[in-house]
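A short write-up of the structure that comes next.
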Amino acid sequence: MVISGIGKVKAAAALSHILAKTSQPLLNIGYAAGEEVGKLYNVHKIIDASSHKVFHLPKSATLPNAACSTFDRPLAHPIETLADMEASALVECANIHKIPIAILKVVSDPYSPEKMTRDATLLERHIDTILSIL
């Protein structure tokens, strides 16, 4: 387990550190902006807002699936997808190393960074689901 911090560079650096030690499939668990604070999603499509690259991951049969757009800065207005600052870098890095990756996102704020819920229970509520995936 590695906690990378916020942003594409930190996420890619942390993942590269992990991939230097293992070639096991990866599971990223993080936060994203979205409509329903506290809801857990499997991310099946990632759109990099800067490069416009699109990545596809497997859909989940048990979790709600969502697309996620990765931005360089926090987003302060609603969009049609979840919004984060790491997913595209993680998928691109995993693809370079030919390692499968799954991405789970818990919604932390309604596209309003100043309203971000800094409550560990957002993730804790989903521990049983996450452990069942592992």
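Which entries of K59/K115; K10/K53; K45/K115; K21/K45; K53/K115; K8/K45 show an alpha-carbon separation above 23 angstrom in the structure shown? Violating the 23 Å Cα-Cα cut-off are K59/K115; K45/K115; K21/K45; K53/K115. Loop-only GluC sites (Glu not before Pro) in the stretch 66-134, please: DSSP not H, G, I, E or B, and at most 13 other Cβ atoms within 10 Å. Sites meeting the loop and neighbour criteria: E80.
Calculate for the chain the 222 nm mean residue ellipticity that helices alone would give, adding -39,500 (n - 2.57) per DSSP H run of length 4 or more and normalising by residue count, nearest 500 deg cm²/dmol.
Working: 4 runs with 33 residues, N = 134.
Rounded to the nearest 500, it is -6500 deg cm²/dmol.
Annotation: aspartates and glutamates with alpha-carbon distance below 20 angstrom to K39 (same-chain offsets under eight excluded): E80, D84, E86, D109, E114, D119, E124, D128.
Quote the convex hull volume per residue of the chain, based on C-alpha atoms, as a whole number of Å³.
Details: hull volume 13.7 nm³, N = 134.
In the chain, the Cα hull volume divided by residue count equals 103 Å³.
Given the chain, what percent of its DSSP beta bridges are antiparallel, to the nearest 5? Present the calculation step by step, with values, prior to reporting the outcome.
Numbers: 8 of 25 bridges.
Within the chain, antiparallel bridges account for around 30 percent of the total.
So for the chain, averaging the separation of alpha carbon pairs under 8 Å that are six or more residues apart and normalising by length, what relative contact order in percent results? Kindly include the intermediate steps, with their values, before the conclusion.
Details: 250 pairs, mean separation 43.6, N = 134.
About 33 percent, as a whole number.
Each reported figure results from applying straightforward, stated rules to the coordinates on display, with no laboratory input. Small disclaimer: the values here were computed from a predicted structure and weren't measured. In this analysis, Cβ positions are derived from the backbone assuming ideal geometry, glycine residues included, and neighbour counts consider all displayed protein chains.
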